[in-house]
Structures are given as structure tokens and as C-alpha cells.
Amino acid sequence: MQNNAYKEIIDKIKPELDKTIHFFEGELQKLRTSHASPAMIEDIEVDCFGSKFPLKQLGAISSPQSNQLVVQPWDKSYMEPIEKAIGKSGLGMSAVVDKNLIRLNLPSLTEEYRKSLEKVLNEKAEQARRTIRHWRESAWENLQESFKAKKITEDDKFRGKDELQKLIDQQGDKIKELVEKKKNEIT
């Protein structure tokens, strides 16, 4: 019987948990706060020459001021499709074409919009928690199967369960921390 077999089961899900947190962080960057961030618009789908491209592939995106984003398309022919895509995005930004640039001014956050953002934030956090719970259940099933197959002892099964729960709690704390940080940015 291998003594570290239960640790291997837990170690297998760690990269998946890290991916979940990383994905959640990326989703949070897309949520609008009182400061403009290129991440807010970089994945907007732009219909260009019969294909769809994320905005970040068609130009440079910068934030020269806290309430403004600037898109500098790599090619002038991208200007109109980019402007249309931003208008359709539902982000409530007005796009102004200024020679070779597109300037986006963020409207000030209304109380209603803040509440809407918090709701979206909580939904995204719950999705991340659900994914983490899925990985916990998967690892727990593997621990139980390993015990039934006599690959680990009963003590190791419960040691594994405790270690697994500790790991899951750490991930939950990370999500909670990220949510609080984002809530502070929204207000």
C-alpha cells in the first residue's frame, strides 16, 4: 500500500483549482469599475472581413485617463467595424473617432449600475465556487475508490479528506478576497 497515494489524488486537482481562480480573476477584470481598464473591451468580438476577431487582435488598447480608453487600430479599415462592435457591446460607452484613434469615455457609475455590477460579480463568484466544488467531489470520489481498491488505508482516506477540505477552503477564501477587492473598486 502506497502511503502518499492520497496526496497524489489531491495534487492532481491543484492545477484545475488554480485555473479556476485565474479564470475568475480574468472575468473580474472585464467588470467595469470606476477606473477604465483595457481588459474591459479587449475580448469584444469585432466582425471584420466576414470573420470575428477579439478587439485585442485588431489594435492597441490603452487607458490614458481613469475614465477613458483609447483603441488604436493596426489598420484604418478596422475603424468602422471596431466602432460598431463597441456600440453593440452593451457597455454603455460612447465611441468617438479621432483621426486614427477611437476614444471611449466611460460614463460615471450610477447606483443602479453598481447594483447590477455587484449582482454579476456575485454570479461569477458562484460559478467559480461551483467549479471548485466539482473538483472537490471528483477528488473525494477518487479517494473513496482508492480505499475500496485497497490502494490507500482508511486513515489515509480521511487524511486526504481533511487535506482536500483545507485546500478547498483556501480557494474559497481567495474567491471571497477577490470579490471584496472588486466590490471596493466598484464603489
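The values are calculated or read from the model by the stated rules, or taken from the named source; none is laboratory data. Keep in mind it's a predicted model, so treat the numbers as computed, not measured. We place every Cβ from the backbone using ideal geometry, glycine too, and count neighbours over all the protein chains shown.
A few remarks follow.
Yes or no, residue by residue, for (1) of a type in the set (Ser, Thr, Tyr); (2) touching a Lys or Arg at 6+ places or on another chain (Cβ under 6 Å); (3) surrounded by 13 or more Cβ atoms within 10 Å (Cβ to Cβ); (4) within 30 Å of GLY172 (Cβ to Cβ):
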site: LEU58; (1), (2), (3), (4): no, no, yes, no
site: SER63; (1), (2), (3), (4): yes, no, yes, no
site: VAL70; (1), (2), (3), (4): no, yes, yes, no
site: ASP75; (1), (2), (3), (4): no, no, no, no
site: MET79; (1), (2), (3), (4): no, no, yes, no
site: SER89; (1), (2), (3), (4): yes, no, yes, no
site: LEU104; (1), (2), (3), (4): no, no, yes, no
site: TYR113; (1), (2), (3), (4): yes, no, yes, yes
site: GLU118; (1), (2), (3), (4): no, no, yes, yes
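- Elements of type strands (runs of 3 or more DSSP E) in the range 24-78, at least 1 residues being of a type in the set (S, T, N, Q) and farther than 30 Å from GLU177 by Cα: 51-54, 68-73
- Only residues that are closer than 30 Å to GLN29 by Cα and either exposed (fewer than 12 other Cβ atoms within 10 Å of the Cβ) or in contact with a Ser or Thr (Cβ under 9 Å, 6 or more places away or on another chain) (or both) were counted across the range 148-168, and they come to 1.
- Residues of the range 131-168 classified as of a type outside the set (Ser, Thr, Tyr) and either closer than 14 Å to ILE13 by Cβ or modelled with pLDDT of 95 or more (or both), total: 19
- The condition of being surrounded by fewer than 17 Cβ atoms within 10 Å (Cβ to Cβ), within 26 Å of the chain's Cα centre (by Cα) and assigned to a helix (DSSP H, G or I) holds for only one of GLU145, GLU185, that being GLU185.
- Filter result for the condition that a residue is in the same structural domain as ILE9 (by TED's automatic domain parsing), in contact (Cβ under 8 Å) with a residue 24 or more places away in the chain, exposed (fewer than 14 other Cβ atoms within 10 Å of the Cβ) and part of a helix (DSSP H, G or I), over ARG133, ARG129: ARG133
- Selected residue [assigned to a helix (DSSP H, G or I), modelled with pLDDT under 90 and not aromatic (Phe, Trp, Tyr)] from ILE102, ILE82: ILE82
- Restricting GLY92, GLY87 to residues that are at pLDDT below 95 and in contact with a strand residue (DSSP E or B) (Cβ under 7 Å, 6 or more places away or on another chain) narrows the list to GLY87.
- Of note, ILE152 satisfies the criterion of being over 18 Å from the mean Cα position of the chain (by Cα) and assigned to a loop (DSSP other than H, G, I, E, B).
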